[in-house]
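First comes the structure, then the notes that go with it.
The values are calculated or read from the model by the stated rules, or taken from the named source; none is laboratory data. Bear in mind the structure is a predicted one, so any value in this text is a computation, not a measurement. Here the Cβ positions follow ideal geometry from the backbone for every residue, glycine too, while neighbour counts run over all protein chains shown. When the accessible area is computed, the model is the full protein with side chains, heavy atoms only, and any ligands, DNA or RNA have been set aside. Shrake-Rupley method; radii C 1.70, N 1.55, O 1.52, S 1.80 Å.
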Amino acid sequence: MSKQHASVTNEHKINYILYLADSTLILSHRNSEWCGHAPIIEQDIALTNIALDLLGQARSFYQYAATLIGNNVTEDSLAYLRIENEYKNLLLTELPNDDWANTILKQFYFSVYQYYLYQQLLNNSDEQIVAIANKAIKEVVYHVRWSGEWVVRLGDGTAESHQRMKNAIENLKNYIGEMFIAADFETALQIDVNNIQQQWQEKVNATFAEATLPLPENIFNHTGGKNGVHTEYLGYILTEMQYLQRTYPNAVW
Amino acid sequence: MDLEKLATNFQQKINEEIKIEPKDWMPDAYRKTNIRQISQHAHSEIVGMLPEGNWITRAPSLKRKAILLAKIQDEAGHGLYLYSAAETLGISREEMLEQLHTGKAKYSSIFNYPSLTWADMGAIGWLVDGAAIVNQIILCRTSYGPYSRAMIRICKEESFHQRQGFEILWVLSQGTKEQKAMCQDAINRWWWPSLMMFGPKDDESPNTAQSLAWKIKIKTNDELRQQFVDMIAEQVKVLGMTLPDPNLKWNTKKLHYDFGEINWQEFWNVVNGNGPCNKQRLNARIKAHKDGAWVREAASAYAAKKNQPQSKVA
């Protein structure tokens, strides 16, 4: 009985770590699509830098998950050889970039979430998770600042940038809730999503007020990502990302 | 001071290897040549992000993806220092971008070739960055101070880029039959264009003599090209691959490699806009700039609002 309980807990833990890894990898992928195409070189560098940070976090989580899973699983087999319904990332992270306003708001929502989440993970009983969160939170502080400043700049910039931010708020509003609806693996790991939600909402309210932007209304929560049911977009992301590994199985790169 | 005396002083500084700084007097043509060369170099860094950017989302492992992202980010950084160096000569970044977008300013033609397979990421690092380094190491000694200092910084990162490119190819050369073929194919496609990166032959390079006298250039195109051939002809042996030139042979008298004739018709075709990707590359840059216009406007509008004195707002 106790043995079975331990293995269930381990499975929850693996799923949770994969959820963290997948969400950071997929948002990193989306951000990296801007590389070479951003509005100004300084910001191209900044967003690529965030893509790199997120990729680094994803790698730490995948590497840890791989050691828990065993069976010659590696960071690359987890990223490159799982299919859509094995991916657990938030739907928010797989949505297309659209314009700079939409990209910024996606990043801001996710970074604020990550910040309060990682703060909570600093008190986790698992040392490895604590170590990863401790390293990553320093990066996330910068991501929150960078994306938050852009939310304010665009919200309170020109009439056009204000309107584009409003469009982004509308586009993304139904993908916020998923962050705060606990999946089984989060419940099992005693993640307090309500606490994260409360802090997240306070930070977003304050930033939107400064940006002279309205809070989203009439929200419906799309969910499914955490349990492997995604939007149509993820299939294309994985097709592109996994192309070489799928075409040349077992090759070393 | 009269003009003649200024010109004599200037040339004397050059001869004594004293760097020319932004506030020093300089001949107009020296200023113009430097603006042309530095801005062209900056544009090359920025346009050069595109063929490699083409493989970020398809990089075959997370480690390769991270290295590639970091490398392209370095290139954006190089573009930034170089635009700043050119700005010290009295041209704005906006003007330089305008010249790029209208086709008035050039960028390195090499980036008008397509990156077709993952092995191209290796070949670009090894051959294209390799050729660039040969040029740039010499440019660390160029006479214009800000350009020289930018090059010193850039060279440190470029040598890492070349090594990572070689390492990509090395892993492929040790891999499956398909990977080896991919490796050889990329070398075949990038070899001749990378030789063209050194520019026309000395006797057909109209700017060379004056640039040498002003120490904007330190060595001629052909000298640098020879140095590159000698280096790569040896390194390719380590990969167990070949260079696509039947005339490549060690010359025991000259102590250099002989190599075949470059297809100059192709070179001029690509320079004049008919390379495989000229339109695509330029359109991508123009689109990024145009699509980003509202973002830059919003940032300036916001900054202006914040800088407004309180009394004005009230």
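Of the solvent-accessible surface of region A:3-247, computed with a 1.4 Å probe and all protein chains present, 48% belongs to carbon and sulfur. Neighbouring Cβ atoms from other chains, within 10 Å of the Cβ of residues in B:53-60, number 6 on average. In region A:91-149, one over the average inverse separation of all distinct C-alpha pairs is 12.2 Å, which is the Kirkwood hydrodynamic radius. Element breakdown for region B:184-312 at a 1.4 angstrom probe: carbon and sulfur atoms account for 53% of the accessible area.
What average number of partner chain Cβ atoms lie no more than 10 Å from the Cβ of the residues making up A:150-159?
5
Per residue, chain A exposes 43 Å² of accessible surface when a 1.4 Å probe is rolled over the protein heavy atoms with every protein chain present. Just so you know, the Rg over Rh for region B:40-136 is 1.00, from Cα atoms, with Rh as the Kirkwood radius. For chain A, evaluate the Debye formula with one uniform point scatterer on each Cα (no solvent term) and list log10 I(q)/I(0) at q = 0.11, 0.15, 0.16, 0.17 Å⁻¹, rounded to two decimals. So the normalised log intensities are -0.58, -1.09, -1.24, -1.40. Counting only protein heavy atoms, probe 1.4 Å: which residues of region B:252-298 lose 10 Å² or more of accessible surface in the full assembly compared with their chain by itself? By number: B:Ala284, B:Arg285, B:Ala288, B:Gly292, B:Trp294, B:Val295, B:Arg296, B:Glu297, B:Ala298. When B:Cys140, B:Cys183 are compared by accessible area at a 1.4 angstrom probe, the order from most to least is B:Cys140, B:Cys183.
For chain A, adding -39500 (n - 2.57) for each run of n ≥ 4 DSSP H residues and dividing by the number of residues yields -22500 deg cm²/dmol at 222 nm. The count of lysine pairs in chain A that are at least 8 places apart or cross chains, and whose C-alpha atoms lie under 21 Å apart, stands at 16.
Summary of the geometry: region B:97-158 and region B:212-232, compared by the centres of their Cα atoms, lie 15 Å apart. Compared with the alpha-carbon gap, the fully stretched path from B:Thr8 to B:Gln265 is longer by 88.5 nm at 0.36 nm per residue. Legend: residues B:Trp192, A:Trp146, sorted from most to least accessible area (1.4 Å probe; ligands, DNA and RNA excluded), read B:Trp192, A:Trp146.
Per-residue ellipticity at 222 nm for chain B, helices alone: DSSP H runs ≥ 4 residues times -39500 (n - 2.57), over residue total, nearest 500 deg cm²/dmol?
On the way: 15 runs with 203 residues, N = 314.
Result for chain B, helices only: -20500 deg cm²/dmol.
Could you tell me the distance between the Cα centroids of region A:64-137 and region B:1-22, to the nearest Å? Answer, in whole Å: 59. Structure note, pairs B:Lys156/B:Lys306; B:Lys19/B:Lys254; B:Lys5/B:Lys156; B:Lys180/B:Lys249; B:Lys156/B:Lys180: Cα-Cα distances above 27 angstrom occur for B:Lys156/B:Lys306; B:Lys19/B:Lys254; B:Lys5/B:Lys156; B:Lys156/B:Lys180.
Where the accessible area of region B:79-183 is counted over protein heavy atoms with a 1.4 Å probe, how much of it, in %, is carbon and sulfur? Display every interim value, and only then the final one.
Numbers: 2250 of 3860 Å².
The C+S portion of the solvent-accessible surface of region B:79-183 is 58 percent.
For chain A, complete DSSP H runs whose alpha carbons reach 15 Å or more along their own long axis and whose mean Kyte-Doolittle score is 0.0 or higher are A:41-69, A:127-155.
Treating only the Cα positions of chain B as identical point scatterers, give the base-10 log of I(q)/I(0) from the Debye formula at each q in 0.10 Å⁻¹. Debye curve over Cα of chain B, log10 I(q)/I(0) at q = 0.10 Å⁻¹: -0.63.
What does the highest-first list of B:266-273, B:103-110, B:131-138 look like by mean Cβ count within 10 Å? Can you show the working numbers first?
Working: B:266-273: 15.0, B:103-110: 17.5, B:131-138: 21.4.
Put in order of decreasing packing, that is B:131-138, B:103-110, B:266-273.
Between B:Asn251 and B:Arg163, how high is the FRET efficiency from 1/(1 + (r/R0)^6) when r is the Cβ-Cβ distance and R₀ = 35 Å? Nearest 0.05. Plugging the Cβ-Cβ distance into 1/(1 + (r/R0)^6) gives 0.80.
Chains B and A together bury roughly 4000 Å² of accessible surface, counting both sides and using a 1.4 Å probe on protein heavy atoms. The separation of region A:8-43 from region A:181-221, counted between C-alpha centres, amounts to 19 Å.
Stretching B:Asn207 away from B:Glu17 to a fully extended chain increases their span by 66.3 nm, per 0.36 nm per residue minus the current alpha-carbon distance.
Would the protein assembly as shown count as rounded, prolate or oblate if I go by the C-alpha gyration tensor, calling it rounded below 1.5 in a/c and otherwise prolate when a/b exceeds b/c, oblate otherwise? Before the final figure, lay out each step's value.
Details: a/c = 2.52, a/b = 1.45, b/c = 1.74.
The shape class here is oblate.
GNM on chain A, alpha-carbon springs under 10 angstrom: the most fluctuating residue among A:Lys135, A:Lys203, A:Lys88 is A:Lys135. Comparing mean-square fluctuations of A:Ala79, A:Ala101, A:Ala38 from a GNM of chain A with C-alpha springs under 10 Å, the top value falls on A:Ala38.
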